[in-house]
């Protein structure tokens, strides 16, 4: 355990804390009978924010909209004052993202080859590209050890779901992003790997990153998150600091109460 703690400490020391803010202003997406939003929130670095909600509540749509991967009908999102809608390359080089599909990889590559490909993409704006890539690949090894992952020297195509997901997670964090957005990162992970990931994400928070995580696991959110935001039927129904939840009450209690209130309100209208 001491070795793992040292690895996580090293992860947390690779960048200075940031003061950047993810500003989401009135984002709205409409398709069919479903409408997301308008959603507005301001998320600062140095914290873990859990995005929660039932299936079909709009979590993935919101994430994709914020990252400029989904067309919006209204609103905008910016990171450190830079609008994300046009996918500005220099800003995106400071963002790490994991989508909810385990197929978002290059399956013909080995993990090492895939991480090197990602590292070269992220390092293109650095003064010394070779040095930056080397540093990112060293970080990939630390992350792999922290996640108890020994990457095989074979193509990702033949990997199990959990192995694919770990490969993707490491790729999303390889460049020490200031903004780390993870959509359902627990897919395919066993309980040991989930606890290991919690430690890694805690280290990212200590490094100063904003870690924004979409998940159905209220237990992980309660243990890890500084703040929880809940969507229901496309509407933001709860935004709470986890530390503000009083003794005798859990995050799960608060989320369930908010969803029940939203359902009751929807029936009345």
Item to complete: Scan region 183-198 and give yes if some residue there is at pLDDT 95 or above, over 22 Å from residue 161 (Cα atoms) and surrounded by fewer than 19 Cβ atoms within 10 Å (Cβ to Cβ), otherwise no.
Response: no
Response to the item:
Among strands (runs of 3 or more DSSP E) entirely inside region 20-119, those with 1 or more residues being on the phi > 0 side of the Ramachandran plot are 21-31, 34-44, 74-79
Discussion item. Quick test of your reading of the structure: residue 185 fulfils all but one of (1) more than 18 Å from residue 94 (Cα to Cα); (2) out of contact with any strand residue (DSSP E or B) (no Cβ under 8 Å at 6 or more places or on another chain). Name the failing condition by number.
Written reply: (2)
Item to complete: Could you look through region 34-74, keep only residues that are more than 28 Å from residue 254 (Cα to Cα) and out of contact with any helix residue (DSSP H, G or I) (no Cβ under 6 Å at 6 or more places or on another chain), and pick out the one that is surrounded by the fewest Cβ atoms within 10 Å (Cβ to Cβ)?
Response: 71
Item to complete: Test residue 124 against the criterion of being assigned to a helix (DSSP H, G or I), more than 20 Å from the chain's Cα centre (by Cα), over 24 Å from residue 231 (Cα atoms) and at pLDDT below 95, and give yes or no.
Response: yes
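The values are calculated or read from the model by the stated rules, or taken from the named source; none is laboratory data. All values reported here derive from a predicted model rather than from experimental measurement. Cβ: placed from backbone, ideal geometry, glycine included. Neighbour counts: every protein chain shown.
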